[in-house]
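The block underneath contains the structure these notes are about, expressed in C-alpha coordinates.
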Amino acid sequence: MKIKVITSISIMIMVLCMIGGMAGPAAAEQKALKSEVKQETHKTININSASIKELSALFGIGKKKAEAIIAYRTKNGKFRNVAELSKVEGIGKKTLSNIRKDIVVE
(Lines give C-alpha, C1' and ligand atoms only; values in the text may rest on other atoms or scores of the structure.)
Protein backbone atom coordinates (compact mmCIF):
# COMPACT_ATOMS: atom_id res chain seq x y z
CA MET A 1 0.00 0.00 0.00
CA LYS A 2 2.81 2.43 0.94
CA ILE A 3 4.58 1.74 -2.35
CA LYS A 4 1.46 2.58 -4.38
CA VAL A 5 1.02 5.85 -2.50
CA ILE A 6 4.67 6.78 -2.92
CA THR A 7 4.54 5.87 -6.62
CA SER A 8 1.38 7.90 -7.12
CA ILE A 9 2.89 10.91 -5.36
CA SER A 10 6.09 10.56 -7.39
CA ILE A 11 4.12 10.48 -10.64
CA MET A 12 2.12 13.56 -9.63
CA ILE A 13 5.30 15.44 -8.73
CA MET A 14 6.87 14.52 -12.08
CA VAL A 15 3.78 15.68 -13.97
CA LEU A 16 3.69 18.96 -12.06
CA CYS A 17 7.39 19.53 -12.73
CA MET A 18 6.89 18.89 -16.44
CA ILE A 19 3.94 21.28 -16.57
CA GLY A 20 5.88 23.91 -14.65
CA GLY A 21 8.87 23.47 -16.96
CA MET A 22 6.71 24.06 -20.00
CA ALA A 23 5.06 27.12 -18.49
CA GLY A 24 8.40 28.88 -18.03
CA PRO A 25 9.29 29.30 -21.71
CA ALA A 26 5.67 29.97 -22.64
CA ALA A 27 5.46 32.70 -20.00
CA ALA A 28 8.71 34.24 -21.27
CA GLU A 29 7.42 34.22 -24.84
CA GLN A 30 4.15 35.81 -23.75
CA LYS A 31 6.02 38.54 -21.86
CA ALA A 32 8.20 39.26 -24.91
CA LEU A 33 5.12 39.42 -27.13
CA LYS A 34 3.42 41.89 -24.77
CA SER A 35 6.55 44.04 -24.86
CA GLU A 36 6.54 44.05 -28.68
CA VAL A 37 2.85 44.98 -28.79
CA LYS A 38 3.42 47.76 -26.27
CA GLN A 39 6.25 49.17 -28.40
CA GLU A 40 4.16 48.98 -31.57
CA THR A 41 1.21 50.74 -29.96
CA HIS A 42 3.27 53.45 -28.24
CA LYS A 43 2.25 56.71 -29.86
CA THR A 44 4.41 59.77 -29.99
CA ILE A 45 3.17 63.33 -30.20
CA ASN A 46 4.48 65.70 -32.83
CA ILE A 47 5.13 68.89 -30.87
CA ASN A 48 4.90 70.94 -34.08
CA SER A 49 1.24 70.10 -34.61
CA ALA A 50 -0.07 68.90 -31.24
CA SER A 51 -3.08 70.56 -29.66
CA ILE A 52 -3.34 71.71 -26.05
CA LYS A 53 -5.26 68.53 -25.26
CA GLU A 54 -2.56 66.30 -26.79
CA LEU A 55 0.29 68.16 -25.10
CA SER A 56 -1.53 68.13 -21.76
CA ALA A 57 -1.62 64.32 -21.95
CA LEU A 58 2.17 64.23 -21.61
CA PHE A 59 3.62 63.47 -18.19
CA GLY A 60 4.28 66.72 -16.30
CA ILE A 61 2.63 68.94 -18.91
CA GLY A 62 -0.55 70.63 -17.79
CA LYS A 63 -2.73 73.12 -19.59
CA LYS A 64 -0.46 76.09 -18.78
CA LYS A 65 2.69 74.42 -20.10
CA ALA A 66 0.82 73.18 -23.15
CA GLU A 67 -0.34 76.75 -23.84
CA ALA A 68 3.26 77.96 -23.39
CA ILE A 69 4.50 75.37 -25.91
CA ILE A 70 1.94 76.49 -28.47
CA ALA A 71 2.68 80.18 -27.82
CA TYR A 72 6.40 79.54 -28.34
CA ARG A 73 5.69 77.58 -31.52
CA THR A 74 3.40 80.35 -32.83
CA LYS A 75 5.97 83.08 -32.09
CA ASN A 76 9.14 81.25 -33.20
CA GLY A 77 7.92 78.81 -35.82
CA LYS A 78 8.19 75.04 -35.77
CA PHE A 79 10.58 73.32 -33.39
CA ARG A 80 13.70 72.17 -35.21
CA ASN A 81 14.46 69.45 -32.67
CA VAL A 82 13.13 68.05 -29.40
CA ALA A 83 15.84 69.78 -27.34
CA GLU A 84 14.52 73.19 -28.43
CA LEU A 85 11.47 72.50 -26.27
CA SER A 86 13.64 73.40 -23.25
CA LYS A 87 13.51 77.04 -24.41
CA VAL A 88 9.83 77.13 -23.49
CA GLU A 89 9.25 78.70 -20.08
CA GLY A 90 8.43 75.98 -17.56
CA ILE A 91 10.07 73.16 -19.51
CA GLY A 92 13.29 72.18 -17.81
CA LYS A 93 15.75 69.34 -18.22
CA LYS A 94 13.76 67.04 -15.96
CA THR A 95 10.45 67.60 -17.77
CA LEU A 96 12.12 67.18 -21.13
CA SER A 97 13.79 63.98 -19.95
CA ASN A 98 10.44 62.61 -18.75
CA ILE A 99 8.66 63.23 -22.07
CA ARG A 100 11.47 62.77 -24.60
CA LYS A 101 10.34 59.22 -25.50
CA ASP A 102 6.80 60.46 -26.09
CA ILE A 103 7.50 63.35 -28.46
CA VAL A 104 8.83 63.88 -31.96
CA VAL A 105 9.51 66.80 -34.28
CA GLU A 106 8.17 66.39 -37.79
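At a glance:
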| item | result |
| --- | --- |
| Flag if L85 is surrounded by 12 or more Cβ atoms within 10 Å (Cβ to Cβ), out of contact with any His (no Cβ under 7 Å at 6 or more places or on another chain) and in a helix (DSSP H, G or I) | yes |
| Unmet requirement for S49, which otherwise passes all of (1) at pLDDT below 95; (2) of a type in the set (S, T, N, Q); (3) part of a loop (DSSP other than H, G, I, E, B) | (1) |
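The values are calculated or read from the model by the stated rules, or taken from the named source; none is laboratory data. Owing to the predicted nature of the structure, the values given are computational and were not obtained by experimental measurement. Glycine gets a Cβ as well: all are built from the backbone with ideal geometry, and neighbour counts include every protein chain shown.
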